[in-house]
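> Submitted below is the structure of interest, expressed as structure tokens.
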Amino acid sequence: MKTIGIFFGTETGTTRLISKKIQKKLGDAVAAKPLNVNRISVEDMLQYDALILGTPSYGVGAIPGRSAGCQEASWEEFLARAGTPDFSGKRIAFFGLGAQERYAERFANSLFRLYETFAGFGAEIVGSWSTEGYSFEHSAAVQDGRFVGLVIDERTQGMFTNDRLDAWLAQVAPLLLEKIAEAA
Ligand SMILES: Cc1cc2nc3c(=O)[nH]c(=O)nc-3n(C[C@H](O)[C@H](O)[C@H](O)COP(=O)(O)O)c2cc1C
């Protein structure tokens, strides 16, 4: 595919909203319309060489889905259907939503679970993000001092979201487009 694929899981719609903002900022020529992972198969995802994947955080370090108490099917159910797909040669940037005040001791933990899952599938991962400006006690999503992807907190830091999206996309979009050009 000549565009970036955007896929998300969500329980209450916030991650869908952020996915739509990302797509709008990138534009139709660059990014496909975001799709909820509860409506797709892994083959849909594997059509893309470059991907942006988003997740909210639910449960103590869980992958969002019914086991984490979600009502909606999400990443857990998608991954159960996916088996062990081969993502080698794919380049992925992740973003994760969380609530740093309410869940300070496990802020955006699900982002790490998603990251480690796709790293295990052989994907190349880009788009780590500074922890500067966030306030929390612990996050599994911090590896080597940085978040493994963009972290968005619509609960307490919604006023920063637009700037964070712009800065992160300026960083990851060229890397994702480079991959698409390579694969063409
Ligand atoms: C029951 C429940 C559990 C949550 N657990 C976490 C958590 O462990 N860590 C975190 O950072 N945020 C947690 N959150 C916050 C959500 O991840 C956050 O509100 C997110 O924006 C929701 O996205 P969604 O609307 O796409 O489902 C939790 C929220 C709820 C309601």
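The values are calculated or read from the model by the stated rules, or taken from the named source; none is laboratory data. Here the structure is a predicted model, which means the values were calculated and not measured. Cβ coordinates were reconstructed from backbone atoms using ideal geometry, including for glycine residues, and neighbour counts include every protein chain displayed. SASA here: full protein model, heavy atoms, side chains in, ligands and nucleic acids out. Shrake-Rupley method; radii C 1.70, N 1.55, O 1.52, S 1.80 Å.
> Among residues belonging to the range 26-49 that are within 13 Å of the ligand (Cβ to nearest atom) and of a type in the set (S, T, N, Q), point out the one that is farthest from GLU154 (Cα to Cα).
Residues of the range 26-49 that are within 13 Å of the ligand (Cβ to nearest atom), as a first pass: 34, 36-38.
Pick out the ones that are also of a type in the set (S, T, N, Q) and you get 36, 38.
On the way: ASN36: 19, ASN38: 22 Å.
For the range 26-49, the residue satisfying everything is ASN38.
> Can you tell me which residues in the range 1-25 are within 23 Å of GLY98 (Cα to Cα) and away from the ligand (no atom under 12 Å from the Cβ)? Write out each step before concluding.
Restricting attention to the range 1-25, the residues satisfying the condition of being within 23 Å of GLY98 (Cα to Cα) are 5-25.
Hits for the range 1-25 are GLY5, ILE6, PHE7, LYS21, ILE22, GLN23, LYS24, LYS25.
> Under 6 Å by Cβ, and 6 or more places apart or on different chains, what pairs join a residue from the range 100-125 that is in a helix (DSSP H, G or I) and open to solvent by 50 Å² or more (accessible area, probe 1.4 Å) with one that is charged (D, E, K, R) and more than 9 Å from the ligand (Cβ to nearest atom)?
Once the first residue is in a helix (DSSP H, G or I) and open to solvent by 50 Å² or more (accessible area, probe 1.4 Å) and sits in the range 100-125, its partners that are charged (D, E, K, R) and more than 9 Å from the ligand (Cβ to nearest atom) give GLU105/GLU137.
> Here's a follow-up. In the range 129-160, which residue that is within 11 Å of the ligand (Cβ to nearest atom) and of a type in the set (Phe, Trp, Tyr) is least open to solvent (accessible area, probe 1.4 Å)?
Per the criteria, the residue is TYR134.
> Next up: Sort through GLY59, GLY65 and tell me the only one that's within 16 Å of the ligand (Cβ to nearest atom), modelled with pLDDT under 95 and more than 19 Å from LEU175 (Cα to Cα). Steps first, please.
On the way: GLY65 fails: modelled with pLDDT under 95.
It is GLY59.
> What number of residues within the range 60-99 satisfy the criterion of being part of a loop (DSSP other than H, G, I, E, B) and either out of contact with any Phe, Trp or Tyr (no Cβ under 9 Å at 6 or more places or on another chain) or under 12 Å from THR10 (Cα atoms) (or both)?
Just the residues of the range 60-99 that are part of a loop (DSSP other than H, G, I, E, B), to begin with: 60-65, 69-74, 83-90, 98-99.
From the residues that got through so far, the ones that are either out of contact with any Phe, Trp or Tyr (no Cβ under 9 Å at 6 or more places or on another chain) or under 12 Å from THR10 (Cα atoms) (or both) too are 60, 62-65, 70-74, 83, 89, 98.
Looking only at that region, the number is 13.
> Going residue by residue through the range 28-41, is there one that turns out to be surrounded by fewer than 21 Cβ atoms within 10 Å (Cβ to Cβ) and either closer than 18 Å to ALA99 by Cα or touching a Pro at 6+ places or on another chain (Cβ under 7 Å) (or both)? Write out each step before concluding.
Step one: of the range 28-41, the residues surrounded by fewer than 21 Cβ atoms within 10 Å (Cβ to Cβ) are 28-30, 32-33, 35-36, 38-41.
Next, only the ones that are either closer than 18 Å to ALA99 by Cα or touching a Pro at 6+ places or on another chain (Cβ under 7 Å) (or both) stay: none.
No, because not a single residue in the range 28-41 is surrounded by fewer than 21 Cβ atoms within 10 Å (Cβ to Cβ) and either closer than 18 Å to ALA99 by Cα or touching a Pro at 6+ places or on another chain (Cβ under 7 Å) (or both).
Matching residues to (1) over 17 Å from LEU150 (Cα atoms); (2) aliphatic (A, V, I, L, M); (3) out of contact with any Asp or Glu (no Cβ under 6 Å at 6 or more places or on another chain):
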| residue | (1), (2), (3) |
| --- | --- |
| PHE7 | no, no, yes |
| GLN23 | no, no, yes |
| ASN36 | yes, no, yes |
| ARG39 | yes, no, yes |
| TYR48 | yes, no, yes |
| GLN71 | yes, no, yes |
| LEU79 | yes, yes, yes |
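> Right, here's the next one. Do we find a residue being within 16 Å of the ligand (Cβ to nearest atom), modelled with pLDDT of 95 or more, within 24 Å of LEU165 (Cα to Cα) and among the acidic types (Asp, Glu) anywhere in the range 85-104?
Step one: filter the range 85-104 for residues within 16 Å of the ligand (Cβ to nearest atom), giving 94-104.
From what is left, the residues that are modelled with pLDDT of 95 or more are 94-104.
From the residues that got through so far, the ones that are within 24 Å of LEU165 (Cα to Cα) too are 94-104.
Pick out the ones that are also among the acidic types (Asp, Glu) and you get 101.
Yes, some residue in the range 85-104 is within 16 Å of the ligand (Cβ to nearest atom), modelled with pLDDT of 95 or more, within 24 Å of LEU165 (Cα to Cα) and among the acidic types (Asp, Glu).
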